[in-house]
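Asks: Please find one structure pasted underneath; my questions will follow.
FYI, it's all coordinate maths here, none of it is from the lab. Every value quoted in this text rests on a predicted model; they were computed, and no experiment measured them. Here the Cβ positions follow ideal geometry from the backbone for every residue, glycine too, while neighbour counts run over all protein chains shown.
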Amino acid sequence: MEKETENLEDLKNLTAGFLNTLKPNSDKKDIYTAEINFLNYYELGCVITNMLKLCILAIDQETHKVIETDKNSSINVGLILEVAHQLFPMDEFELLTTISQKVNSDFKAMPAV
């Protein structure tokens, strides 16, 4: 039991430095928030517009309809990829690597039964 408590404390200390992508919502239990950074409202609008255009083009293969109705019809893929990059949880992947290494080293250190 003491070893389990020690392992749990190690895990809590380990996760404290890595689990940064999702922040607990103070108002609602079991709800988390991920932060996306924008320069201003215009950039937010561009991201939303480009995501919607991309979805429309993915659903409706007749792209000429979108192009005819929208003067600025090109999709800024770079902007969408930038948002996706902000959402990618690198700290969490680093944590998973550390946990995996720790588990594997602990497993190898266990005596054979």
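Asks: If neighbour count is taken as other Cβ atoms inside 10 Å, put C55, C46 in order from fewest to most.
Replies: Working: C55 10, C46 17.
By the 10 Å Cβ count, ascending: C55, C46.
Asks: So for M1, M90, M51, fewest C-beta neighbours within 10 Å to most, what's the order?
Replies: On the way: M1 5, M90 11, M51 15.
Taking fewest neighbouring Cβ atoms as first place, the list is M1, M90, M51.
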